[in-house]
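The values are calculated or read from the model by the stated rules, or taken from the named source; none is laboratory data. Since this is a predicted model, take the numbers as computed values, not measurements. Glycine gets a Cβ as well: all are built from the backbone with ideal geometry, and neighbour counts include every protein chain shown.
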Ligand SMILES: *Cc1c(COP(=O)(O)O)cnc(C)c1O
């Protein structure tokens, strides 16, 4: 990282970081694509009617992804609020005006207990009341069916690496919900690549799906991609800013909308094979420098669930005698520059996600990790 980089932050005492954790919001999200910055720069100074832009942007996204309808939400989290609001209030003005108070409305959102997640509070903001099916570790179809009632507004499904693997399959989930005329809403915010996932869940029966615009798509941090059936997307749009309803506080600006369009277009036209080869090479370089450290196992992981792009996994063996994982993370975070590594896999493993790195920052990150591991391993 060059000293002059990030001067705008350094001048106020905020240190630029090396983000080897992946497109995590806490560490700045995904690296902006140059095409996004260009589109935003062009869009900043020209006023337009936001309603018109929202409708046209939605059409363009739907067309690019081959789905029925789309809307640019305020992050994926803002999209979750709109999913709930659309299913509970629709375009009924009296109901829209009352949200998030939804007393007396059909407001229950069915979720499998094993798929409860950190972001599902957003459903409450949109007026939802979460009703859980099954147990902490699993859910059966019968357990799922038993929690639907005349108050059910939607059934929510999560696609994420950490989501319970014993959950009811998406197909069966959709079948149950649809047999009761209940829409299925999906959070797949961070479930990209593969690019095919962008249209997959709609094609497999979802009524609404949300993705982050600022994670792997690498568009504006504040943008989200909400896909869905036309009547639900229309309901989402009217509940959102600039209209004075529940999502008025989740504004998306005109330049963010244009930046997101550029990001999606660039993302879907990128060759995934070429991208994976590049990430694979970066990971190999890192592995070469870490593989000989005693007490850890270093590997490259890549699958369709937990490691969506090639990622370096550093696992601590039983004979590891160095610092605890917590100490390692805090030493890295307190260094100069601060380094943040991937911890999504849970305890016993830290990872290097190459998405936000270039050759230079990768090398620096690996060097810092080596220093911490070797410097604290008394067996060396
Ligand atoms: C990141 C994430 C969100 C929030 O996405 P934003 O675009 O940051 O609002 C929601 N759900 C899941 C599963 C996520 O990983």
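Quick notes on this one:
- Of the residues in region 29-36, at least one is free of Cβ contacts under 8 Å to residues at least 24 places away in the same chain, within 22 Å of the chain's Cα centre (by Cα) and farther than 26 Å from residue 246 by Cβ.
- Only listed residue being within 16 Å of the ligand (Cβ to nearest atom) and modelled with pLDDT under 95, chosen from 78, 29, 22, 6: 29
- Of the criteria (1) closer than 18 Å to residue 291 by Cα; (2) in contact (Cβ under 8 Å) with a residue 12 or more places away in the chain; (3) out of contact with any helix residue (DSSP H, G or I) (no Cβ under 6 Å at 6 or more places or on another chain), which one residue 323 fails: (3)
- Checked against (1) at pLDDT below 95; (2) out of contact with any strand residue (DSSP E or B) (no Cβ under 7 Å at 6 or more places or on another chain), residue 97 meets all criteria but (1).
- Sole exception among (1) in contact (Cβ under 8 Å) with a residue 40 or more places away in the chain; (2) crowded, with 22+ Cβ neighbours inside 10 Å for residue 102, by number: (1)
- Candidate set: region 347-380, residues that are free of Cβ contacts under 8 Å to residues at least 40 places away in the same chain and not in a helix (DSSP H, G or I); chosen: the one surrounded by the fewest Cβ atoms within 10 Å (Cβ to Cβ): 347
- Test for residue 116: is it without any contact (Cβ under 8 Å) to a residue 24 or more places away in the chain and surrounded by fewer than 23 Cβ atoms within 10 Å (Cβ to Cβ): yes
- Hey, residue 276 more than 14 Å from the ligand (Cβ to nearest atom) and more than 18 Å from residue 33 (Cβ to Cβ) or not: no
Okay, residues lined up against (1) touching a helix residue (DSSP H, G or I) at 6+ places or on another chain (Cβ under 6 Å); (2) within 16 Å of the ligand (Cβ to nearest atom); (3) more than 26 Å from residue 22 (Cα to Cα):
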residue	(1), (2), (3)
87	no, no, yes
94	no, no, yes
106	no, no, yes
117	no, yes, no
122	yes, yes, no
146	no, no, yes
149	no, no, yes
159	no, yes, no
167	yes, yes, no
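- Scan of region 153-166 for residues that are without any contact (Cβ under 8 Å) to a residue 60 or more places away in the chain and either farther than 15 Å from residue 112 by Cα or surrounded by 21 or more Cβ atoms within 10 Å (Cβ to Cβ) (or both), ordered by number: 155, 157, 158, 159
- Residue selected from region 171-191 under the condition within 16 Å of the ligand (Cβ to nearest atom) and part of a loop (DSSP other than H, G, I, E, B), by the criterion surrounded by the most Cβ atoms within 10 Å (Cβ to Cβ): 189
Residue-wise test of (1) part of a strand (DSSP E or B); (2) buried (at least 17 other Cβ atoms within 10 Å of the Cβ); (3) touching a residue at least 40 places away in the same chain (Cβ under 8 Å).
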position	(1), (2), (3)
280	no, no, no
284	no, no, no
294	no, no, yes
305	no, no, yes
309	no, yes, yes
313	yes, yes, no
318	no, no, no
328	no, yes, yes
344	no, yes, yes
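- Residue check for residue 137: outside any strand (DSSP E or B), in contact with a helix residue (DSSP H, G or I) (Cβ under 8 Å, 6 or more places away or on another chain) and at pLDDT 95 or above: no
- Across region 205-238, the qualifying residues are those that are over 17 Å from residue 75 (Cα atoms) and under 20 Å from the mean Cα position of the chain (by Cα), and the one among them that is nearest to the ligand (Cβ to nearest atom) is 206.
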